[in-house]
Amino acid sequence: MARDGNTAIIEQFLSDGITYMFGNPGTVEQGFLDALEGFEDFHYILTLQETVAAGIADGYARATGGPALLQLHSGVGLGNAIGMLYQAKRGHSPLVVVAGEAGVGYDAMDAQMAADLVAMARPVTKHAMRVIDPGSVLRVLRRAVKMAMTPPRGPVFVALPLDVLDQPNHEPVQPSVVPHSAALPAPELVRRAAGLLSGARSPIILAGDGVSVSGAQAELTRVAEQLGADVWGVEFSEANMDGRHPLFRGQLGHMFGQVSADAVKDADAVLVVGTYLFPEVFPSLSSPFGKDARIVHVDLDSYEIAKNHPVTLGLVADPRLTLAALSAELEGTLSKADQRAAAARLARRTAAQQQRVGPAPAEDSILNAFMRELAARAPEDVIVFDEGLTASGVIGSYFPPRGPGSWFLTRGGSLGVGIPGAIGAKLARPDRTVIGFTGDGGSMYTFQALATAVRYDIAAKFVICNNHSYRLLDNNIEEYWRGRGIPGHRFPRSFDLSYPDLQFTDLARGCGVDGLRVEKADQIEEAVERLLGHDGPFLIDLVTEPGRPL
């Protein structure tokens, strides 16, 4: 049946189970934005800037497994969203990104808002394309869904010219086909991997979010226990392993390659699964592994295997199936001596974990006290979206990654995902308590996301860890000074956020969100009670450090 393309694309989205569009409206999208008003089961989530829309879509995609639909307004809206799309690309968020434009018929005019949207989007998406044929609109959208959802997942961009969508569309609506990628290596390759990992004196595992995408948490844990291998997170921004497990050593970080080099230099057997090596801003240019280290790399993304450093065996395969097969093979490959050594390593990590105590009184900061009270009162199934950055160490000590879908960490390097990401996760999981953590600097990138939470009654909770600075920059420049032999001195004033003293609770109330400012320990109990008990979104401005004179 003929209808225009504006109506057809909504029918196509619904056939793929997509019922939300996150965006900010514009004139060149008016045709399909008007058409969606006729679909009661399709919901437009209005945001007040495109960065916010992209952040909410990212959080929603991560909490649901995707895809999530993001609408941007032509070149100016795409430009606003570039930073957040970069984060989505680096984090492999399956977003279908659409942007309108005036029309193919206007290409020669170089008119107002004219831009090459595909060229703009290409560096920050997995793939970018433009529809120019009225008979291929739905075909291209199905391709976008397929590509966004096929590992390595990521945002896919489609430019939708207004004059193309205004034309009659005769395409049939049919669900997009996402190919299955549950590939298992040949048995002889699994045996070779088991042989390479057996007999190790100091084995380690480097795990990333490919584990979570494939649902391989249990299999990863089992192999780690069999090998007695420490597990380090690399591109580890979801609950790929229970952070309370004694073999989980934490994150390697994303700034300096020396941190990773120190962690892996003594390993004689390395299993890399679901990540690439290494995602630092300043990575090691030479291999950080020992000369004789045996390295097995498992990932569905063939591009990432041995991209930066050689490996002994690379397996383009599904992490869950491969780890399960590897575990079964290790049962017969590990000698009795290997098994005793692995058990001893696990026992040592368990004993060390049991001996850990809480912070010394001098270290029991207001951040620590607040997190302790919040952890004691929060429900067991709480979902945490953590963009605390320099506060994330403390946040993670009280709210470590637990079960799948319970913990999300910022990724990709751009600021501002904490508030909108939590909103997206709460929209996806309205039955769960969702708490988003961000910093004072990061929050101001997307603070207007609070208005969207109020508009759609999305009762996420928010904590701003307010240290009156871009503290991560303080930490990084100290490392820079040390590396170059520069004596320490006053931090650049451009890193400071002390003046004006941003009143986040006042700003939140301006968006319709209630909140409390916490500056002293005796305010914590009431604040946590209000945060968790409030019927709707609620914000805590947690002042962790006073401002410093400019």
| said: Before I look further, what does the range 246-380 give for accessible area per residue, probe 1.4 Å, in whole square angstrom? | reply: 50
| task | Please tell me the relative contact order of the range 120-178 in percent, rounded to the nearest whole number, where contacts are Cα pairs under 8 Å and at least six residues apart. | result | 44
| field | the range 339-345 - phi-based ³J(HN,Hα) in whole Hz, Karplus 6.51/-1.76/1.60, Gly and Pro as x | value | 5, 5, 5, 5, 4, 5, 5
| note | With label points set 7 Å from each Cα along the Cα-to-Cβ direction at residue 40 and residue 506, the distance between them in nm comes to 4.5
| request: Determine the principal axes of the Cα atoms in the range 106-243, then give the extent along each, sorted from largest to smallest and rounded to whole angstroms. | output: 68, 32, 26
| remark: For the range 30-119, inverting the pair-averaged 1/r of distinct alpha-carbon atoms gives a Kirkwood value in Å of 14.2
| request: Just grab the label-to-label distance for residue 114 and residue 307, each label 7 Å out from Cα along the Cβ direction, in nm (one decimal). | output: 3.6
| Relative to the present Cα-Cα distance, how much length would full extension add between residue 489 and residue 167 at 0.36 nm per residue of separation? | 109.5 nm
| note | Here FRET efficiency (C-beta to C-beta, residue 431 to residue 514, R₀ 22 Å, nearest 0.05) is 0.50
| field | Distant-in-sequence amide H partners of residue 100 (H built 1.01 Å from N, under 5 Å) | value | 72, 74, 160
| request: If a/c stays under 1.5 just call it rounded; otherwise compare a/b with b/c (prolate if a/b is bigger, oblate if not). Do that for the range 59-175, with a ≥ b ≥ c from the square roots of the Cα gyration tensor eigenvalues. | output: oblate
| Sequence-distant aspartates and glutamates (8 or more away, or on other chains) whose Cα lies within less than 16 Å of residue 126 | 58, 301, 304
| Roughly speaking, to the nearest percent, how much of the range 68-204's 1.4 Å accessible area is carbon and sulfur? | 57
| In nm, to one decimal, how far is the residue 3 label point from the residue 133 one, both placed 7 Å along Cα→Cβ? | 2.3
| message | I'd like the GluC sites (Glu not before Pro) in the range 490-536 restricted to DSSP loop residues with at most 16 other Cβ atoms within 10 Å, sorted by number. | response | 519
| note | accessible surface per residue for the range 469-550, probe 1.4 Å, DNA/RNA/ligands not counted, whole Å² -> 59
| Sorted by mean Cβ packing within 10 Å, highest first, what order do the peptides 13-24, 303-314 take? | 13-24, 303-314
| query | Amide H to amide H under 5 Å from residue 250: which residues, 5+ apart in sequence or cross-chain, H placed 1.01 Å off N in plane? | reply | 233
| field | Modelled label reach - residue 455, point 7 Å along Cα→Cβ, the range 486-521 residues with backbone N closer than 19 Å | value | 507-514
| task | Could you tell me whether the range 210-344 comes out rounded, prolate or oblate from its Cα gyration tensor? Rule is a ≥ b ≥ c as square roots of the eigenvalues, rounded for a/c under 1.5, then prolate if a/b exceeds b/c, otherwise oblate. | result | rounded
| task | Could you list the GluC sites (Glu not before Pro) in the range 306-396 that lie in coil according to DSSP, counting only those with at most 13 other Cβ atoms within 10 Å of their Cβ? | result | 380
| remark: Carbon and sulfur atoms account, in whole percent of the 1.4 Å probe accessible area of the range 371-443, for 53
| request: Step through the residues of the range 5-18 one at a time and calculate ³J(HN,Hα) from phi using the Karplus curve (6.51 cos²θ - 1.76 cosθ + 1.60, θ = phi - 60°), rounding each to whole Hz and writing x for Gly and Pro. | output: x, 4, 6, 4, 5, 5, 4, 5, 4, 5, 5, 8, x, 8
| note | Mean separation of Cα contacts under 8 Å (at least 6 apart) over the residue count of the range 50-201, i.e. the relative contact order in percent, is 24
| Pairs beyond 27 Å (Cα-Cα), from 307/336; 146/307; 89/426 | 307/336
| query | Ordering 426, 291, 126 from largest to smallest accessible area (1.4 angstrom probe), what's the sequence? | reply | 291, 126, 426
| Whole-number accessible area per residue in Å² for the range 86-138, which is evaluated in the context of all protein chains at 1.4 Å | 47
| remark: With a ≥ b ≥ c from the Cα gyration tensor eigenvalues, square-rooted, and the rule rounded for a/c under 1.5, otherwise prolate when a/b > b/c and oblate otherwise, the chain is oblate
| message | Below 15 angstrom from the Cβ of residue 507, what's the summed charge of the other residues (Lys, Arg +1; Asp, Glu -1)? | response | -3
| Percent RCO, i.e. relative contact order, over the chain, from Cα pairs under 8 Å lying at least 6 residues apart | 13
| Can you list the aspartates and glutamates whose alpha carbon sits under 17 Å from that of residue 291, skipping same-chain ones fewer than 8 residues off? | 262, 266, 268
| remark: For residue 127, the residues 5 or more places away or on another chain with a placed amide H closer than 5 Å to its own amide H are 157
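The values are calculated or read from the model by the stated rules, or taken from the named source; none is laboratory data. Computed from a prediction, not measured in an experiment: that's the story for all the values here. Cβ coordinates were reconstructed from backbone atoms using ideal geometry, including for glycine residues, and neighbour counts include every protein chain displayed. The area values use the complete protein model at the heavy-atom level, side chains included, leaving out ligands, DNA and RNA. Shrake-Rupley method; radii C 1.70, N 1.55, O 1.52, S 1.80 Å.
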